[in-house]
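The values are calculated or read from the model by the stated rules, or taken from the named source; none is laboratory data. Note that this is a predicted model, so its numbers are computed, not measured. Ideal geometry is used to build each Cβ from the backbone, glycine not excepted, and the neighbour counts take in all protein chains shown.
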């Protein structure tokens with residue numbers, strides 16, 4: 001459609017004209033369960049992430065949304081069930097085997113190494129996984145800092161010398177950097193854990209715009225998965241939504257279906273009502 005003026009969330013994602021049967025998911029969770037001690041978090045959860053996806057996982061606090069991200073990232077292994085990466089079953093954790101795609105994660109609190117400079121934090125993947133010299137890595141770090149709206153002049157600062165918003169951007173830069181001599185190492189999936197948590201509405205909008213722009217800069221088929229409670233972030237960054245509750249994905253749909261679905265969980269969540277199937281925790 002020429003001059004398509006629909007909101008970004010209402011435009012069909014890349015390759016979504018194809019049926020699901022025709023597409024191999026970048027990531028697929030099949031019957032995944034996870035518990036920590038006696039606390040059962042996931043109970044046979046199923047989820048698929050496709051090329052070009054912009055998937056937002058929502059649900060009440062403590063539902064296991066961050067746990068799903070860590071399972072996708074390969075930082076945790078499921079107790080039961082299987083995880084497939086582009087059709088290849090993952091065995092163990094991410095460091096246990098070579099995977100057909102690269103998955104990066106942006107943690108809620110940035111999770112930067114306090115004792116390393118910004119340059120060392122952002123370039124960490126290249127220092128560990130490439131044979132590039134210091135000057136080349138420094139140049140790539142400067143370029144990726146500019147992509148996330150930061151001046152290369154901050155590269156020698158420590159995380160403690162940055163504002164909270166700047167630390168978030170540095171964590172974004174660390175997630176998207178790769179060796180241009182090995183384009184296959186470009187991140188195909190980026191996972192965002194509450195990237196706008198604790199930010200004011202204007203700062204949230206800046207981060208939301210950054211998330212969508214990063215996807216466009218990386219590649220047309222790259223995907224991202226977002227965990228968030230913030231409605232503006234859900235609506236401005238997502239194309240699809242998955243509702244996690246009681247250990248499983250209870251509902252999936254496109255962003256525009258949020259306002260039309262009769263699913264009682266979704267209705268209660270977005271109305272912020274204490275009445276409904278979601279159990280209210282007394283804080």
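Restrict the check to the stretch 149-169 and report whether at least one residue is under 16 Å from residue 104 (Cβ atoms), at pLDDT 90 or above and buried (at least 16 other Cβ atoms within 10 Å of the Cβ). Looking for residues that are under 16 Å from residue 104 (Cβ atoms), at pLDDT 90 or above and buried (at least 16 other Cβ atoms within 10 Å of the Cβ), one finds none in the stretch 149-169, hence no. Just so you know, in the stretch 170-200 the residues that are part of a helix (DSSP H, G or I) and touching a helix residue (DSSP H, G or I) at 6+ places or on another chain (Cβ under 7 Å) include one that is nearest to residue 26 (Cα to Cα), and it is 176.
Is it the case that residue 80 is over 18 Å from the mean Cα position of the chain (by Cα) and farther than 23 Å from residue 182 by Cβ? Judged against the criteria, residue 80 is a match.
For (1) part of a loop (DSSP other than H, G, I, E, B); (2) over 29 Å from residue 208 (Cβ atoms), each residue gets a yes or a no:
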residue: 98; (1), (2): yes, yes
residue: 114; (1), (2): yes, no
residue: 126; (1), (2): no, no
residue: 141; (1), (2): no, no
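In the set (1) over 17 Å from residue 228 (Cα atoms); (2) in contact with a helix residue (DSSP H, G or I) (Cβ under 8 Å, 6 or more places away or on another chain); (3) in a helix (DSSP H, G or I), residue 208 fails one condition alone, (1). Taking the stretch 72-106 as the range and being under 23 Å from residue 170 (Cα atoms) and either touching a helix residue (DSSP H, G or I) at 6+ places or on another chain (Cβ under 6 Å) or in contact (Cβ under 8 Å) with a residue 40 or more places away in the chain (or both) as the test, the residues that pass are 72, 73, 74, 101, 102, 103, 104, 105, 106. Filtering 93, 69, 116, 75 for residues that are more than 20 Å from the chain's Cα centre (by Cα) and either modelled with pLDDT of 90 or more or exposed (fewer than 14 other Cβ atoms within 10 Å of the Cβ) (or both) leaves a single hit, 116.
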